[in-house]
């Protein structure tokens, strides 16, 4: 068993981690409920978005459970349905289950990346790994726990018609079959944002000391507020007598009392102070992102960017009321944030280079002699994919639930909308790091992200313009599908799924083409460090971009070779 504070000793300096938001329906501009997720893995994390179809199962059928492998391919086989993306190939063999649980008669269709994202009932999920005071391993891997957060999120997608039910399903199954976290390389605990068309919840879970069951708690986010989780627990006082807003396992209280960490006579149990192992990697690794999100969405609150130890200082509330109604575009802006315009702006300073790139890639001192850390931003170069779930209760589930999915880094990606009414996904949501497929959104985004390093500040302005254009196109596509669904409902008939499929697939094709056109345009315009232009008359010009004076001074440009001596004076 891992115990308090021991986990931090096992973590590398470049920890894999994710940022999540949840927004209540009275805090959004259109009355939808939103949640977001970024899969901030590394160079081998499986970035694919895949459709899992609904299925009927025979009586007494068993549901296989697989070990949580997040590298490509995360799963291979047919045991989870007819999913072409997961079909075995000549280079792969079927994944082997580590156990099984009783299956239910019918499972719902859903979209998943590493974790379940949205199902046909508009239940959405965003994941963020956290540190915990207990940790354990999986069945077949040195432990007794059967379920990972990957599997729990999939089971929630398969079985839940509401966010509350999803929380209860995951909690009950984890208690029955045991929960294991990522262990030594990330954190032994997990957090999920869980939403539907009516409400949003924050769900925390970790193994119990025996490694055979789970400790979990969930807090409902008020409808007019927004919450943020960034790789550290945030739920505080658990008032389970208020069942409308709090849920928890009995083990949450029993273990705390047995360990002498909580005395019921002294008040409510603080879940974070009791079960979190604090921030990992370095101080501000999590809290700065929480501050960064609140600074964008609720700047009037004036939350401090610096604080003491996370568990004890309680620097931020679990959720806050935003200064204005939030849109999908606002959440996307948070997911792309590198703290521009603040004291922690990663596009400023010598480390950002002369053209202000915020992407300080992995690596440090070759000999390990120079110690330190880069500031951890929300938008991150090593994100495999991210998404924003939008659940809209005034529309049929198949149309109302929209997954705005972004391949690769949020900072450079285009969030492309998909709904369950499509009944599937385009091939552009596939692709991975080992094979360069230009037909995928992943590689289109990766091209933009990497080429932008040459001249970040001017290039990112053009990428932002492309993203705004693509988002407007996505909203217009969504509006056309909504209108067709409303017209069908007025006629007393169900919506035609071919309309949604046609419209959203066409939008995805336009997004892919737009991203490649932007990449090609940047290549032409900024090739070799110049700015190249073609005038209306066809004439061509190419000019160098000057370096900023502060950077030339910092790198001792003036200390280079002197001017040529004046031969006449000599």
| Filter result (touching a residue at least 60 places away in the same chain (Cβ under 8 Å), surrounded by fewer than 24 Cβ atoms within 10 Å (Cβ to Cβ) and part of a loop (DSSP other than H, G, I, E, B)) within region 135-146 | 137, 140, 141, 144
| note | Exactly one of 85, 61, 42 is over 22 Å from residue 178 (Cβ atoms) and modelled with pLDDT of 95 or more, and that one is 85
| Unmet requirement for residue 317, which otherwise passes all of (1) out of contact with any helix residue (DSSP H, G or I) (no Cβ under 7 Å at 6 or more places or on another chain); (2) touching a residue at least 60 places away in the same chain (Cβ under 8 Å); (3) in a loop (DSSP other than H, G, I, E, B) | (2)
| field | Selection status of residue 383, in contact with a strand residue (DSSP E or B) (Cβ under 8 Å, 6 or more places away or on another chain), in a loop (DSSP other than H, G, I, E, B), surrounded by 24 or more Cβ atoms within 10 Å (Cβ to Cβ) and on the phi < 0 side of the Ramachandran plot | value | yes
| Of the conditions (1) touching a residue at least 24 places away in the same chain (Cβ under 8 Å); (2) over 19 Å from residue 401 (Cα atoms); (3) assigned to a helix (DSSP H, G or I), residue 461 fails just one. Which one is it? | (1)
| Leading residue by the ranking (surrounded by the fewest Cβ atoms within 10 Å (Cβ to Cβ)) among those in region 156-172 that are touching a residue at least 60 places away in the same chain (Cβ under 8 Å) and out of contact with any strand residue (DSSP E or B) (no Cβ under 6 Å at 6 or more places or on another chain) | 168
| Pick from 288, 220: which is crowded, with 18+ Cβ neighbours inside 10 Å, in a helix (DSSP H, G or I) and modelled with pLDDT of 95 or more? | 288
| Selection from region 83-110 of residues that are more than 22 Å from residue 148 (Cα to Cα) and surrounded by 19 or more Cβ atoms within 10 Å (Cβ to Cβ) | none
| request: Say whether the condition of being assigned to a loop (DSSP other than H, G, I, E, B), buried (at least 24 other Cβ atoms within 10 Å of the Cβ), under 18 Å from the mean Cα position of the chain (by Cα) and in contact (Cβ under 8 Å) with a residue 24 or more places away in the chain is met by at least one residue in region 62-77. | output: no
| query | Restricting attention to region 396-423, which residues are in a loop (DSSP other than H, G, I, E, B) and at pLDDT 95 or above? | reply | 401, 408, 409, 410, 411, 412, 413, 414, 415
| Tally time: how many residues in region 179-198 are out of contact with any helix residue (DSSP H, G or I) (no Cβ under 6 Å at 6 or more places or on another chain) and either surrounded by fewer than 24 Cβ atoms within 10 Å (Cβ to Cβ) or free of Cβ contacts under 8 Å to residues at least 12 places away in the same chain (or both)? | 5
| request: Please enumerate the residues belonging to region 225-255 that are within 22 Å of residue 121 (Cα to Cα) and surrounded by fewer than 19 Cβ atoms within 10 Å (Cβ to Cβ). | output: 244, 245
| task | Take the residues in region 476-499 that are under 28 Å from the mean Cα position of the chain (by Cα), touching a residue at least 60 places away in the same chain (Cβ under 8 Å) and within 14 Å of residue 392 (Cβ to Cβ), then tell me which one is surrounded by the fewest Cβ atoms within 10 Å (Cβ to Cβ). | result | 482
| remark: The number of residues in region 524-546 that are exposed (fewer than 13 other Cβ atoms within 10 Å of the Cβ) and either in a strand (DSSP E or B) or at negative phi (or both) is 13
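The values are calculated or read from the model by the stated rules, or taken from the named source; none is laboratory data. Keep in mind it's a predicted model, so treat the numbers as computed, not measured. Counting neighbours? That spans all protein chains shown, and the Cβs are built from the backbone with ideal geometry, glycine included.
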